[in-house]
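Scroll down for the structure; my scribbles are underneath it.
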Amino acid sequence: MTISIQQDAVIQQETARTGAPALERYVVSTGLGPVTVHVQQGTQPASTAATVYLHGAAGSWTTFEPLLAKAPDIDRVLVDLPGWGESTAGVRPEELSVETMGRAVVGILDSLGYRRWSLVGHSMGGFLALHLAARWPERVARVAAISATTFAVAEAAQGPLRRLPGFPAFVGMLLAMRSMAALGTSGSALIRAVGATPLMGLVLSPLFADPSAVPRHVIRRLAADARPASFDAAVRASVDYDFDQWRAIRCPVLATRGDSDVFTPPSDLFRLAGVVPHARLETIPRCGHFANIEQPAFLQRLLDQPSVQLPDIQGTAVS
């Protein structure tokens, strides 16, 4: 893999107001195409550990910006996953799967010199974080799966029209994204155009507990970050996924959902606990699908809580 480094001056100016370190922008070549990564350096010098943020299928690394104000102890690594954000060049949606994206993330972290990871994944990123913890258990220290889209989404993907009555918000978005994907670049342009109008706030309102409190620039950014073909590919990748492999997860797992979350039903958390019995389940009050946007302070308190010590396969402590 090759890496190019570029200081992101805009983000540096933004973080200067909070006292948090600026972000450095990297571009790392992967088998899926070049991937853009932002790194916020921690206070621990020369650490090979990092907190890695993995966004959802309806966003980019910027959905985690509300969590970046406080200077971190170890580096924060924010990935625009292949097919999203600034990581779209050369990406073929048909090549996107949970495994190929997981391998791309591992390759990126290896290239940047990080050997041990705490994973914070939102929505699709939560799904991916759990996959990484199962496939590379020796590398993952802990997982926070924020409104991970798992069992219900996988079942809806198998037959969207059958699931429409019971899962209308997600199936409606899936069908809309598939329609936009069929239009190619015109579909993405249409979403961005609607994103500049009040209509997009109405379209996205089911994702938030209090849509009126969500700033307009956040709605515009979500519209700009929409990648219909990649969204559809991510959903299709969940259809035949073997959730039993998550039984190999040995690290502490925090799994959350908002109390008004229309994409991650309570049953998803209960089913996750059946596969990962040591998972800690939390429901965030006054929150929809984007806790990192609606309740960042509450979410950060959950992330800051110490992990329960668990024995790993060899019987040593994992934190």
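The values are calculated or read from the model by the stated rules, or taken from the named source; none is laboratory data. Model, not experiment: these values are computed from the prediction. Cβ atoms come from the backbone with ideal geometry, glycine included; neighbour counts cover every protein chain shown. To get the accessible areas, we keep the full protein, side chains included, count just its heavy atoms, and leave off ligands, DNA and RNA. Shrake-Rupley method; radii C 1.70, N 1.55, O 1.52, S 1.80 Å.
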| Using a Gaussian network model of the chain with C-alpha springs under 10 Å, which one of 100, 88, 43 is most mobile by mean-square fluctuation? | 43
| said: When a/c reaches 1.5 or more, the comparison of a/b and b/c decides; with that in mind, is region 226-269 rounded, prolate or oblate per its Cα gyration tensor? | reply: oblate
| request: List the residues whose amide H sits under 5 Å from the amide H of residue 280, counting only those 5 or more places along or on another chain, with H placed 1.01 Å from N in the peptide plane. | output: 253, 254, 255
| Cα centre as origin, Lys/Arg/Asp/Glu Cβ charges: region 194-315 dipole, Debye | 260 debye
| query | Expressed in nm to one decimal, what extension gain is obtained for the pair residue 213 and residue 116 from 0.36 nm per residue of sequence separation less their Cα-Cα distance? | reply | 31.2 nm
| query | Where is the GNM fluctuation largest for the chain (alpha-carbon springs, 10 angstrom cutoff): 115, 92, 301? | reply | 301
| query | Can you run phi through the Karplus equation (6.51, -1.76, 1.60; θ = phi - 60°) for region 139-147 and list ³J(HN,Hα) in whole Hz, with x for Gly and Pro? | reply | 9, 9, 7, 6, 10, 10, 9, 8, 6
| query | Out of 124, 177, 200, any idea which swings most in a Gaussian network model of the chain, alpha carbons joined below 10 Å? | reply | 200
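Suppose we keep just the DSSP beta bridges with both residues in the chain; what percent of those would be antiparallel, to 5?
Among the beta bridges of the chain, antiparallel pairing accounts for roughly 40 percent.
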| query | Any idea of the accessible area per residue across the chain, 1.4 Å probe, to the nearest Å²? | reply | 42 Å²
| Length released on extending from residue 244 to residue 304, taking residue separation times 0.36 nm less the Cα-Cα span | 18.8 nm
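Charges only on Cβ, +1 for Lys and Arg, -1 for Asp and Glu: so what's the dipole of the chain about the Cα centre, in debye to the nearest 20?
The dipole of the chain has a size of about 200 debye.
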| field | Residue (of 125, 150, 166) at the positive-pole extreme of region 109-232, dipole from beta-carbon charges | value | 125
| task | Quick one: pull the percent of accessible area on region 146-280 belonging to carbon and sulfur, 1.4 Å probe, ligands and nucleic acids left out. | result | 61 percent
| query | For residue 53, which sequence-distant residues (separation of 5 or more, or a different chain) have an amide H within less than 5 Å of its own amide H, given hydrogens modelled in the peptide plane? | reply | 77, 78, 79, 120
